[in-house]
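Following: one structure in structure tokens, then a few remarks.
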Amino acid sequence: MGKLFLKFQISPVLLLIGSVALLSCAQVASEEATPSWQPLADNAFWVEGTQPLQRFASADGRVFRLRKLDIDLGEFWVETTMHRLNWTYRPELHEGVWTASAPMKSAGRPANGPEQRLTSQGRAFEFSPPEVERGRWKLRDGQFAIFRDVAYLKLAPGAEPPMRARLSAYAGGARSDGRVSGTRHSGVGFSLWPNEAVERYVDIPAGHGLRFATTVEPALTRASTLEQGVRFRVLLDGKVIFEHSEADTESVSSKWHVVALPRHGARGAQLRFEVSGALAYSSFIAPVIAPNTVGDYAVRPWNAARPDIVLFVADTFRADNLAAYGDELGLTPYLNATARSSRLFRRAWSVGTYTLPAHASMFSGVYPHQAG
């Protein structure tokens, strides 16, 4: 009997037999159009004139803003105004330490400078990640930090916070490179702020549909905006073909969708992806035009006789350690021989970005969020 050789790359890979995407250009033809997979993340463009949501209010009445700074880098920042009355003196933490509610978090680091800023009338307080030494906060005079929804500010003894200051947290850079880089979701696709949209012109083969995932990650912690939920829409030549809402913007969520496209296909069709509603990191991940039929349940690519399946699991094992995927040094001669006599998959994707959820999916056949 033949063997089935499974490929692993960095994290163990769950092979989705029958739905592996072989990426190629779409063809518009008859009902018998050749099945093809057309990824949409590349060559899409942000719609001119659409602007992210500029101002929004939290449930406790505080006003936040989303601002785009640095035209060249395209950095986005979430900011709010801190008034003197927002601060509380906390000498039990350390002499000169003041605290204030700050349900903000940073999405990584900007190209230049720290990921959090506190400024007042031309003065920029120094950002410093908080340290605790013997139960007391270790900050120097003039330093500040945000930790677990609380802003900490260290001033000289007797000094008070400014009457008015701007507190900012880095919310991410330009998102027009066809990549999604969230805190819990990543991959190819579009990241959109509320009121933004991207468009792509495509040729749709007959018998194909649109597949993608929608994801939401909170842009604030412990702060529900008054505008409830995030709404996703997809339009085809100006007509809405998909709508989906996520009511909870304080939790991480993701859902996969399959959207019907014209049965007989279309040439030069305009696809538009939109997001509206509350402030959140919202994305369309892995958008692709793919065949409507990708295989039937329990159908396998072998005859009645069942193959031998050898499961080899190697954590942090690069695919190009094997000759089948590029190695020329002969590092794994026995695995190379096994691969030559086995069914080989050249494009296989993990459903998890690290070992534990990838293993759970591999042995259960369900996605990580389903396995818990």
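Just checking, does segment 288-309 include any residue being touching a residue at least 60 places away in the same chain (Cβ under 8 Å) and among the polar types (S, T, N, Q)? Within segment 288-309, one or more residues are touching a residue at least 60 places away in the same chain (Cβ under 8 Å) and among the polar types (S, T, N, Q). Please enumerate the residues belonging to segment 256-274 that are farther than 30 Å from GLU217 by Cβ and assigned to a loop (DSSP other than H, G, I, E, B). Matches in segment 256-274: PRO262, ARG263, HIS264, GLY265.
Let's see how each residue does on (1) modelled with pLDDT of 75 or more; (2) in contact with a Cys (Cβ under 6 Å, 6 or more places away or on another chain); (3) in a strand (DSSP E or B):
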site	(1), (2), (3)
ILE17	no, no, no
ALA41	yes, no, no
ALA57	no, no, yes
ASP60	no, no, no
ARG65	yes, no, yes
TRP77	yes, no, yes
THR80	yes, no, yes
LEU85	yes, no, no
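In this structure, is PRO129 surrounded by 11 or more Cβ atoms within 10 Å (Cβ to Cβ), at pLDDT below 85 and closer than 18 Å to ALA102 by Cα? Full working, then the answer.
Working: surrounded by 11 or more Cβ atoms within 10 Å (Cβ to Cβ): yes; at pLDDT below 85: yes; closer than 18 Å to ALA102 by Cα: yes.
In short, yes.
Scanning segment 346-372 for residues that are of a type in the set (Val, Ile, Thr) and assigned to a helix (DSSP H, G or I) turns up just one, THR355.
Among the residues of segment 315-326, what is the count of those that are more than 13 Å from LEU344 (Cα to Cα) and either among the hydroxyl-bearing types (Ser, Thr, Tyr) or surrounded by 12 or more Cβ atoms within 10 Å (Cβ to Cβ) (or both)?
Quick first cut of segment 315-326, residues more than 13 Å from LEU344 (Cα to Cα) only: 315-318, 320-321, 326.
Right, trim to either among the hydroxyl-bearing types (Ser, Thr, Tyr) or surrounded by 12 or more Cβ atoms within 10 Å (Cβ to Cβ) (or both) and you get 315-318, 320-321.
Final tally of qualifying residues: 6.
Counting the residues of segment 71-125 that are crowded, with 16+ Cβ neighbours inside 10 Å and of a type in the set (Val, Ile, Thr) gives 4. Looking across segment 327-372, the residues that are open to solvent by less than 70 Å² (accessible area, probe 1.4 Å) and more than 30 Å from PHE212 (Cβ to Cβ) come down to ASP327, GLY330, THR332, LEU335, ASN336, ALA337, THR338, ALA339, SER341, SER342.
Screening SER191 with (1) in contact with a Leu (Cβ under 8 Å, 6 or more places away or on another chain); (2) in a strand (DSSP E or B); (3) open to solvent by 10 Å² or more (accessible area, probe 1.4 Å) gives one miss only, at (1).
Set side by side, the residues VAL259, VAL275 differ, and just one is β-branched (Val, Ile, Thr), open to solvent by less than 50 Å² (accessible area, probe 1.4 Å), modelled with pLDDT of 95 or more and under 24 Å from the mean Cα position of the chain (by Cα), which is VAL259.
Return the residues of segment 225-255 that are part of a strand (DSSP E or B) and touching a residue at least 60 places away in the same chain (Cβ under 8 Å); say none if nothing qualifies. If the condition is that a residue be part of a strand (DSSP E or B) and touching a residue at least 60 places away in the same chain (Cβ under 8 Å), then THR225, SER254 are the ones that fit. Applying the set (1) of a type in the set (Ser, Thr, Tyr); (2) open to solvent by less than 10 Å² (accessible area, probe 1.4 Å); (3) under 22 Å from VAL202 (Cα atoms) to SER282 leaves exactly one unmet item: (3).
The values are calculated or read from the model by the stated rules, or taken from the named source; none is laboratory data. This one's a predicted model, so the numbers in the text were calculated from it and none came from an experiment. As a convention, Cβ positions derive from the backbone with ideal geometry for all residues, glycine included, and neighbour counts pool all protein chains shown. What goes into the accessible areas is simple: the full protein's heavy atoms, side chains included, and nothing from ligands, DNA or RNA. Shrake-Rupley method; radii C 1.70, N 1.55, O 1.52, S 1.80 Å.
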